[in-house]
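**Q** Just passing along the structure, written as structure tokens.
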Amino acid sequence: MRHIISILIENESGALSRVAGLFSARGYNIESLTVAPTQDPSLSRMTLVTLGSDDIIEQITKQLNKLIDVVKLIDISESSHIERELMLVKVRAVNGLREEVKRLTDIFRGNILDVTASTYVVEVTGEKSKLDAFIQTVGEDNIIEVVRSGATGILRGERGLSL
Amino acid sequence: MELSGGEILVQCLKDEGVEYIFGYPGGAVLHIYDALFKQDAVKHILVRHEQGATHAADGYARATGKPGVVLVTSGPGATNAVTGIATAYMDSIPLVVFTGQVPLPVIGSDAFQEADIVGITRPCVKHNFLVKDVTKLAETVKKAFYIATTGRPGPVLVDIPKSLTDPAIRIPYEYPQSVSIRSYNPSVKGHRWQIRKAVDLLATARRPVIYSGGGVVLSNAAEGLTELARFLDFPVTNTLMGLGAFPASDRRFIGMLGMHGTYEANMAMHDCDVLLAVGARFDDRVTGKISEFCPTAKIIHIDVDPASISKTVRVDIPIVGDVGQVLADMLEMLKAGDKAVQREAPAAWWEQIDRWRSVQCLNYDSASDKIKPQYVIEQLWQVTRGDAYVTSDVGQHQMWAAQFYKFDRPRRWINSGGLGTMGFGLPAAIGVKLAFPEADVACVTGEASIQMCIQELATALQYRTPVKIVNLNNGYMGMVRQWQEFLYESRYSHSYLETLPDFVKLAESYGHVGLRISKPAEVRGALEEAFRLRDRTVFLDFLTDPTENVYPMIEAGKAHHDMRLAPGVSPDTELA
């Protein structure tokens with residue numbers, strides 16, 4: 001099962017490597033990991049996407065909680081939540097493709113950020129599956145470069161992850 | 001009061017009540033050593049290798065319950081300490097390790113004796129710090145001691161760049177009275193409802209076993225455990241780390257469990273219906289084959305570390321909290337008697353256990369004309385009236401010490417259980433002896449292990465720590481040889497030590513007493529003589545039977561009832 005774990009962690013040097021090191025030392029999977037400071041500059045928020053059985057996920061959350069720098073965490077995929085990822089795609093845009101990619105970008109509610117005689121840079125946000133679908137629809141042969149931010153997420157409603 | 005960084009560190013140690021610091025100087029810590037020189041409240045113990053410093057501090061910590069403190073220099077000084085730090089980490093021992101670092105401005109430039117020790121030790125410390133600002137030094141030291149000694153204890157490393165300890169830079173000093181870390185709040189009180197459920201289950205158990213580990217020792221909960229076990233009249237088995245937490249002389253003690261545990265302990269584990277795991281972590285050397293671990297048992301697990309619960313074995317009633325507190329709560333509920341303890345059923349269980357016991361799984365050939373290592377340990381136990389501090393290295397001798405020295409008190413058995421570090425025993429014994437100068441301290445070792453930290457014989461002389469080294473010398477890395485005999489058709493690949501030093505002369509050249517013992521009849525007398533020489537370190541080189549094996553043995557990955565017994569010992573087939 002795929003889980004999205006949101007972590008509030010002390011914004012200190014080495015904190016990220018404690019988390020990354022934990023995963024490699026204990027053989028856990030990381031699908032993606034994003035991190036940036038929060039509105040409180042002493043804290044960073046990390047979103048970690050991982051795969052594992054219930055037992056493994058339980059161990060992952062316990063081991064993360066054990067890290068001294070981890071202030072709080074929540075497995076947001078256990079509740080109603082919003083997941084978003086940002087993707088920038090450099091697409092070959094020549095001949096008929098120029099119109100086709102423009103049309104697909106509109107359908108996926110993306111934006112074209114850069115245009116040259118032969119390329120577009122398209123911005124798409126959404127869940128992982130939507131971004132995967134965009135790549136598939138445009139066709140791998142037409143794609144020059146893809147950069148994805150990794151997932152971030154937040155709980156719906158009143159509940160959340162804060163101090 | 002204005003102090004330099006080096007003076008601040010030393011003053012922090014004084015304010016923390018540190019008695020001994022184990023260390024080795026070098027470039028990056030010279031300012032600190034200069035500050036140490038100018039005082040005598042904190043006594044420095046100069047080891048001969050940084051690994052020895054960490055093990056000595058570790059032995060001190062295990063015997064006293066107080067944190068062990070280490071000071072080493074940057075680069076190789078720090079990397080040499082890593083084995084000792086990892087040893088303490090695996091056994092949850094509170095250490096605070098200070099490492100020198102190259103000056104702040106040159107960090108990252110591959111400077112002389114630079115190593116990223118914070119990065120290197122990250123996976124084997126409870127936490128570590130690189131101090132970048134001298135005004136944060138005192139606070140960081142306070143945090144380090146707090147983290148190391150609370151919750152599930154463990155080693156904490158503080159890396160101090162040389163530029164922070166510059167004697168020319170002086171700042172006001174104040175040691176924080178207390179510390180709070182928003183991201184670290186170890187829970188100590190167990191959940192009342194969970195404890196209630198556990199008590200109800202214990203009260204109705206028909207075939208109970210208490211399986212207790214090092215957590216009971218760490219939490220100073222041996223009395224609570226003993227009272228609970230006696231109140232319930234339940235059998236108790238200890239892990240290697242838990243020995244002494246329940247008195248071995250009590251008839252309820254069924255011995256150590258696991259790979260080299262007793263027949264009765266392992267059989268009882270296999271057949272029990274309620275397992276109370278206390279401060280133990282279901283290590284693979286204890287559980288054997290996970291899928292056949294306690295197949296008919298409901299499991300209660302008390303541990304201060306939530307991550308230890310259901311890590312390898314799923315438990316039915318988890319209780320997160322300090323073992324001592326939870327045991328006290330349990331006892332209170334049991335004594336209140338809301339649920340009467342079912343006593344008839346355990347009587348039948350005791351009969352069964354006693355039949356397993358009658359197999360006498362630890363029997364060995366006591367008529368042999370060779371010195372049997374088991375006999376040496378039995379004699380050591382007698383000569384020291386069961387009251388010595390016994391440290392050990394790792395291998396067969398460690399298992400024999402665990403099986404044959406009957407520990408009645410916690411913190412007396414001091415060994416590297418989790419990491420299994422050869423070389424631990426001698427420096428650890430020095431740490432213990434410093435803490436308890438009047439006590440008998442023995443280091444049970446083998447000719448392979450002892451050579452891994454033998455240089456600390458010099459430390460033992462310098463600080464007059466008269467420990468007795470019980471060297472079970474069989475010429476082999478005994479446990480490796482045993483596995484090779486059983487599992488590799490006796491192909492003894494590189495486990496025979498063809499060239500050994502003359503340990504008697506070696507001991508003498510370090511200024512100690514050396515004795516060689518080659519006949520069983522000489523064993524007792526030699527041990528008595530060694531302990532009679534109260535102010536001398538004595539190296540007892542026992543030439544033991546090289547073919548002796550440790551029994552019983554559960555081979556890795558096999559189940560508890562699948563034991564290899566000693567030749568001449570037969571299982572109770574009628575009842576199996």
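The values are calculated or read from the model by the stated rules, or taken from the named source; none is laboratory data. Here the structure is a predicted model, which is why all the values come from computation and not from measurement. Reconstructed Cβ throughout: ideal geometry from the backbone, glycine too, with neighbour counts over all protein chains shown.
**Q** State the number of residues belonging to the range A:54-76 that are in a helix (DSSP H, G or I) and either buried (at least 20 other Cβ atoms within 10 Å of the Cβ) or at the interface with chain B (Cβ under 10 Å from one of its Cβ atoms) (or both). Walk me through it before giving the result.
**A** Pass one, the range A:54-76, residues in a helix (DSSP H, G or I): A:54-66, A:76.
Still in the running and either buried (at least 20 other Cβ atoms within 10 Å of the Cβ) or at the interface with chain B (Cβ under 10 Å from one of its Cβ atoms) (or both): A:55, A:57-66, A:76.
Number satisfying all stated conditions: 12.
**Q** Moving on to the next point. Restricting to the range A:15-37, give me the number of residues that are within 14 Å of another protein chain (Cβ to nearest Cβ) and either in contact (Cβ under 8 Å) with a residue 40 or more places away in the chain or polar (S, T, N, Q) (or both).
**A** First, the residues of the range A:15-37 that are within 14 Å of another protein chain (Cβ to nearest Cβ): A:15-28.
Next, from what is left, pick out any that are either in contact (Cβ under 8 Å) with a residue 40 or more places away in the chain or polar (S, T, N, Q) (or both): A:15, A:17-19, A:22, A:24.
Residues meeting the conditions: 6.
**Q** Quick one: A:Ser44 ticks every box in (1) outside any helix (DSSP H, G or I); (2) of a type in the set (Gly, Ala, Ser); (3) more than 17 Å from the chain's Cα centre (by Cα) bar one, so which box is it?
**A** (3)
**Q** Return yes when B:Tyr33 is modelled with pLDDT of 95 or more, surrounded by fewer than 22 Cβ atoms within 10 Å (Cβ to Cβ) and not in a loop (DSSP other than H, G, I, E, B) and no when it is not.
**A** On the way: modelled with pLDDT of 95 or more: yes; surrounded by fewer than 22 Cβ atoms within 10 Å (Cβ to Cβ): yes; not in a loop (DSSP other than H, G, I, E, B): yes.
The answer is yes for B:Tyr33.
**Q** So for the range B:87-94 (the condition being in contact with a Leu (Cβ under 7 Å, 6 or more places away or on another chain) and in a loop (DSSP other than H, G, I, E, B)), does at least one residue qualify? Steps first, answer last, please.
**A** First pass over the range B:87-94, keeping only residues in contact with a Leu (Cβ under 7 Å, 6 or more places away or on another chain): B:87-88, B:90, B:92.
Applying the additional criterion that residues be in a loop (DSSP other than H, G, I, E, B) yields B:92.
So far as the range B:87-94 goes, yes, one or more of its residues are in contact with a Leu (Cβ under 7 Å, 6 or more places away or on another chain) and in a loop (DSSP other than H, G, I, E, B).
**Q** Please pick out the residue among B:Gly154, B:Gly214 that is within 30 Å of B:Arg409 (Cβ to Cβ), away from every other protein chain (no Cβ under 14 Å) and under 22 Å from the mean Cα position of the chain (by Cα). Step through it out loud before you land on a result.
**A** Details: B:Gly154 fails: away from every other protein chain (no Cβ under 14 Å).
Checking each option against the conditions leaves just B:Gly214.
**Q** Tell me, which residue of the range B:175-196 that is more than 27 Å from A:Ile9 (Cα to Cα) and loosely packed, with under 15 Cβ neighbours inside 10 Å is farthest from the other protein chains (Cβ to nearest Cβ)? Working first, answer last.
**A** Initial filter on the range B:175-196 (more than 27 Å from A:Ile9 (Cα to Cα)): B:192-196.
Next cut, loosely packed, with under 15 Cβ neighbours inside 10 Å only: B:192-193.
Numbers: B:Arg192: 22, B:Trp193: 20 Å.
The selected residue is B:Arg192.
**Q** Here's a check for you: in the range B:101-125, which residue that is polar (S, T, N, Q) and more than 14 Å from chain A (Cβ to nearest Cβ) is farthest from B:Val156 (Cα to Cα)?
**A** Ranking the candidates gives B:Ser109 first.
**Q** Identify, by number, the condition in (1) touching a helix residue (DSSP H, G or I) at 6+ places or on another chain (Cβ under 6 Å); (2) surrounded by 22 or more Cβ atoms within 10 Å (Cβ to Cβ) that B:Tyr510 doesn't meet.
**A** Every listed condition holds for B:Tyr510 apart from (2).
**Q** Would you mind stating whether A:Glu123 is more than 14 Å from chain B (Cβ to nearest Cβ), touching a residue at least 60 places away in the same chain (Cβ under 8 Å) and either within 22 Å of the chain's Cα centre (by Cα) or closer than 27 Å to A:Gly157 by Cβ (or both)?
**A** On the way: more than 14 Å from chain B (Cβ to nearest Cβ): yes; touching a residue at least 60 places away in the same chain (Cβ under 8 Å): no; either within 22 Å of the chain's Cα centre (by Cα) or closer than 27 Å to A:Gly157 by Cβ (or both): yes.
The answer is no for A:Glu123.
**Q** Now for a different question. If the requirement is being assigned to a strand (DSSP E or B) and either surrounded by 13 or more Cβ atoms within 10 Å (Cβ to Cβ) or in contact (Cβ under 8 Å) with a residue 24 or more places away in the chain (or both), which of these qualifies: A:Leu113, A:Leu104? Steps first, please.
**A** Numbers: A:Leu104 fails: assigned to a strand (DSSP E or B).
A:Leu113 is the lone residue from the list that is assigned to a strand (DSSP E or B) and either surrounded by 13 or more Cβ atoms within 10 Å (Cβ to Cβ) or in contact (Cβ under 8 Å) with a residue 24 or more places away in the chain (or both).
**Q** Continuing with this model, one more query. Go over the candidates B:Gln360, B:Gln342 one by one and state the one that is polar (S, T, N, Q), over 21 Å from B:Asn473 (Cα atoms) and over 30 Å from the mean Cα position of the chain (by Cα).
**A** Values: B:Gln360 fails: over 30 Å from the mean Cα position of the chain (by Cα).
Among B:Gln360, B:Gln342, only B:Gln342 is polar (S, T, N, Q), over 21 Å from B:Asn473 (Cα atoms) and over 30 Å from the mean Cα position of the chain (by Cα).
**Q** Checking the conditions here, which among B:Val199, B:Val209 is within 30 Å of B:Pro295 (Cα to Cα) and in contact with a Pro (Cβ under 7 Å, 6 or more places away or on another chain)?
**A** Working: B:Val199 fails: in contact with a Pro (Cβ under 7 Å, 6 or more places away or on another chain).
One residue alone meets the criteria, B:Val209.
**Q** With respect to B:Ser495, determine if the residue is touching a helix residue (DSSP H, G or I) at 6+ places or on another chain (Cβ under 6 Å) and farther than 17 Å from B:Phe531 by Cα. Steps first, please.
**A** Values: touching a helix residue (DSSP H, G or I) at 6+ places or on another chain (Cβ under 6 Å): yes; farther than 17 Å from B:Phe531 by Cα: yes.
In short, yes.
Okay, residues lined up against (1) in a loop (DSSP other than H, G, I, E, B); (2) under 30 Å from B:Pro552 (Cα atoms); (3) modelled with pLDDT under 95:
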{"position": "B:Asp329", "(1), (2), (3)": "no, no, no"}
{"position": "B:Val341", "(1), (2), (3)": "yes, no, yes"}
{"position": "B:Trp350", "(1), (2), (3)": "no, yes, no"}
{"position": "B:Cys361", "(1), (2), (3)": "yes, yes, no"}
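**Q** Separate question: Listed residues A:Gln59, A:Gln63; which is closer than 30 Å to B:Pro155 by Cβ, in contact with a Gly (Cβ under 9 Å, 6 or more places away or on another chain), modelled with pLDDT of 95 or more and of a type outside the set (Asp, Glu)? First the steps, then the outcome.
**A** Numbers: A:Gln63 fails: in contact with a Gly (Cβ under 9 Å, 6 or more places away or on another chain).
Going through A:Gln59, A:Gln63 in turn, the sole match is A:Gln59.
**Q** Do we have A:Leu161 as touching a strand residue (DSSP E or B) at 6+ places or on another chain (Cβ under 6 Å), within 14 Å of chain B (Cβ to nearest Cβ), touching a residue at least 40 places away in the same chain (Cβ under 8 Å) and surrounded by 14 or more Cβ atoms within 10 Å (Cβ to Cβ) here? Show your work before the answer.
**A** Working: touching a strand residue (DSSP E or B) at 6+ places or on another chain (Cβ under 6 Å): yes; within 14 Å of chain B (Cβ to nearest Cβ): yes; touching a residue at least 40 places away in the same chain (Cβ under 8 Å): yes; surrounded by 14 or more Cβ atoms within 10 Å (Cβ to Cβ): yes.
Spelling it out, A:Leu161 is indeed touching a strand residue (DSSP E or B) at 6+ places or on another chain (Cβ under 6 Å), within 14 Å of chain B (Cβ to nearest Cβ), touching a residue at least 40 places away in the same chain (Cβ under 8 Å) and surrounded by 14 or more Cβ atoms within 10 Å (Cβ to Cβ).
**Q** Here's another thing I want to ask about it. Checking B:Ala148 against (1) away from chain A (no Cβ under 13 Å); (2) part of a helix (DSSP H, G or I); (3) not polar (S, T, N, Q), which test does it fail?
**A** (1)
Here is a yes/no grid of residues against (1) of a type in the set (A, V, I, L, M); (2) touching a strand residue (DSSP E or B) at 6+ places or on another chain (Cβ under 9 Å); (3) in a strand (DSSP E or B):
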position	(1), (2), (3)
B:Val376	yes, yes, no
B:Val390	yes, yes, yes
B:Ala401	yes, yes, no
B:Arg409	no, no, no
B:Ser416	no, yes, no
B:Gly420	no, no, no
B:Glu438	no, no, no
B:Glu456	no, no, no
B:Leu472	yes, yes, yes
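**Q** Only residues that are surrounded by 13 or more Cβ atoms within 10 Å (Cβ to Cβ) and more than 10 Å from chain B (Cβ to nearest Cβ): list them for the range A:1-14, please.
**A** Start the filter on the range A:1-14 by keeping residues that are surrounded by 13 or more Cβ atoms within 10 Å (Cβ to Cβ), which leaves A:2-12, A:14.
Correct list: A:Arg2, A:His3, A:Ile4, A:Ile5, A:Ser6, A:Ile7, A:Asn11.
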